[in-house]
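The next block holds one structure in the form of structure tokens; read it before the comments.
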Amino acid sequence: MTVSIDFTNMMAGALPAGTGITEAQWNGARAPFAAAHAAVEAQRKALGFLTLPTNEPLLASTLAIAERARGQFDDVLLLGIGGSALGPIALRTALRPLAWNTLSLEARNRYPRLHVLDNVDPSTIATMLARLNLGRTLVLVVSKSGGTVETMAQYLIVREALATTVGESQAKEHLVFVTDPEVGALRRIARAEGITTVDIPQNVGGRFSVLSPVGLLPAALIGIDVRALLAGAADMTQRAASTSPSDNPAGAFAVLQWLADTQHGRHVHALMPYADPLRDLALWFVQLWAESLGKQRADGTHTGPTPLPALGATDQHSQVQLFMEGPADKTVTFVAVNGRTREGAIPSRHADIPELAYLGGHTLGELLDIEQRATAGALAARGRLNATIAIDTVDAWHVGSLMQLFALATAYAGALYGIDAFNQPGVELGKNFAYAMLGKPGSGAARAEWDALPKPDPRWRL
């Protein structure tokens, strides 16, 4: 079991003259990375995601809830948004069979389906509630603050539907709150009504919470091996103890993307898994990288690379044209899965048709592997920076290791960019305007600021 990273195609020696990270730049980044590593370690008590892989009491409380629910529910409905939803979705896609929710009870080994409501579109919520048997549904309400407007709106609607279906007192048996251990609206409701809760540690932020009960509880409920998930993450955390980016995969990723962005104008960072189960891992990474690194510094300057999700080989027929011949402002990181070259034998047919005859005797796994390597080579030949992260198989251990790699890399990158990777002030103004328009108490100042904004000008309407 291992996760490796090959960044040959990020370096100047493998690329046409004038492109790529030079050996001098790589060596020159050693001191800044050592400082970034020290800065992250200095915040260890505040960065709870670092210790999630070994937090046995939290795991035990999570597994206890999952065990009590075993066999009682046909469906799990998760209410959340952002990091509260993207992580659970990525785990379901990666570690449960394709189209999990469409499989029979026997094919699911009697584990429930998992549905994630990650938005407040009324048609989606109405359709979901009409489809579910709420009498056999467990509802996870996931919000650390207990006040996330979208999640709280979802909760109020689903709580009312539960009460109508099973009765007010019984509805509480269908609810689990995943929230702050001490404060927030959900914690107050839980205390007042005796609703089951599981803690999100106070020092774990939303987009870094996938290995907390935010991701582990829904994963455990649908039969994912969460201990293996945490073991993979623990292994990556141990590898990240090194202060050298040459020995620290998360450090290498952070340094490479930082150098490509700041020294070579590669401001867009694509993550392109060559495995359908990892499709949603790329979407999870996008939030992690974007919300953590898109910041305004204290001196008023702005920073932050733009992450982009892609999927191989699908996006060879859409985005790769842009990667190859569009602006030279991107890096591409492939995620390759080893050991599949014997899977999916392609039959030998139509020997008289050259366009098909050559495929016989090969496999789909071999085709994916070859296409990934060919795309990486083609990009390198055109001076387009790329790296390949390789895993042995898509299982809980490797997915946990990958997720911790990207979380650690994000923390290091924040220190390299000189910003706080763990806040999100840029989204607060829009939230405050929304609160003001909805009439939330204490929003008077935001309402005044909103009212002072320029009104729509009829000259600029069609």
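What follows draws every value from the coordinates through simple rules; no lab data is involved. Fair warning: this is a prediction, and the values are worked out from it, not measured in the lab. Positions of Cβ are generated from backbone atoms using ideal geometry, with glycine treated the same way; all protein chains shown enter the neighbour counts.
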Inset, instruction - List D75, D6 from most exposed to least, where exposure is judged by having the fewest other Cβ atoms within 10 Å. - result: D6, D75
Inset, instruction - Divide, for the chain, the radius of gyration over alpha carbons by 2.2 N^0.38 Å, where N is the residue count. - result: 1.05
Legend entry - Given charges at Cβ of Lys, Arg, Asp, Glu: the chain dipole, positive-most of L229, T179, G300: T179
Legend entry - Stokes-Einstein D (µm²/s) once Rh is taken as the Kirkwood radius of the stretch 149-267 over alpha-carbon pairs, at 20 °C in 1.002 mPa s: 121 µm²/s
Legend entry - Cα-centre dipole for the chain with unit charges at Cβ (Lys and Arg positive, Asp and Glu negative), debye to 20: 680 debye
Legend entry - Global size of the stretch 49-224 as Cα Rg and Dmax, reported in angstrom: 14.9, 42
Inset, instruction - Kindly state, to the nearest 0.05, the FRET efficiency for A42 paired with A345, given R0 = 51 Å and r defined as their beta-carbon distance. - result: 0.45
Inset, instruction - Only Lys, Arg, Asp and Glu count, each charged at its Cβ (+1, +1, -1, -1), so figure out the dipole size of the stretch 73-143 about its Cα centre, rounded to 20 debye. - result: 200 debye
Inset, instruction - Work out Dmax and Rg for the stretch 240-364 from the C-alpha atoms and quote the Rg first, both in angstrom. - result: 19.1, 68
Legend entry - Zone of R110's modelled label, taken as backbone nitrogen in the stretch 46-83 under 11 Å from a point 7 Å along Cα→Cβ: 70-72
Inset, instruction - Sticking with the crude label model, points 7 Å out along Cα→Cβ, report the distance from Q170 to R373 in nm, one decimal please. - result: 6.0 nm
Inset, instruction - Sort T22, T410 so the one with the fewest other Cβ atoms within 10 Å of its own Cβ comes first. - result: T22, T410
Legend entry - Packing rank of 320-329, 269-278, where each peptide gets the mean count of other beta carbons within 10 Å, highest leading: 269-278, 320-329
Inset, instruction - Would you give the gap between the C-alpha center of the stretch 398-462 and the C-alpha center of the stretch 319-380, rounded to a whole Å? - result: 39 Å
Legend entry - Mean residue ellipticity (222 nm) of the chain, computed from DSSP H runs ≥ 4 via -39,500 (n - 2.57), nearest 500: -14000 deg cm²/dmol
Legend entry - Cβ-based net charge around S242, under 15 Å, with every Lys or Arg adding one and every Asp or Glu removing one: -1
Legend entry - Angle in degrees between helix 83-95 and the longest Cα principal axis of the chain, rounded to the nearest 10: 60 degrees
Legend entry - Proximal aspartates and glutamates to K295, defined as alpha-carbon separation beneath 14 angstrom and excluding residues fewer than eight positions away on the same chain: D420, E428
Inset, instruction - Please give the net charge around W397, taking every other residue with its beta carbon less than 11 angstrom from that of W397, where Lys and Arg add +1 and Asp and Glu add -1. - result: -3
Inset, instruction - Let me know the charge dipole size of the stretch 49-224 about its Cα centre in debye, to the nearest 20, where only the beta-carbon of Lys, Arg (+1) and Asp, Glu (-1) is charged. - result: 240 debye
Inset, instruction - Note the angle between two axes, namely the Cα long axis of helix 249-264 and the longest principal axis of the Cα atoms of the chain, as a number of degrees from 0 to 90, rounded to the nearest 10. - result: 70 degrees
Legend entry - Packing-based exposure ordering (other Cβ within 10 Å, fewest first) of T375, T243, T54: T54, T243, T375
Legend entry - Folded to 0 to 90 degrees: helix 428-438 orientation relative to the chain principal axis, Cα: 30 degrees
Legend entry - Cα centroid separation, the stretch 166-210 to the stretch 77-138 (Å): 19 Å
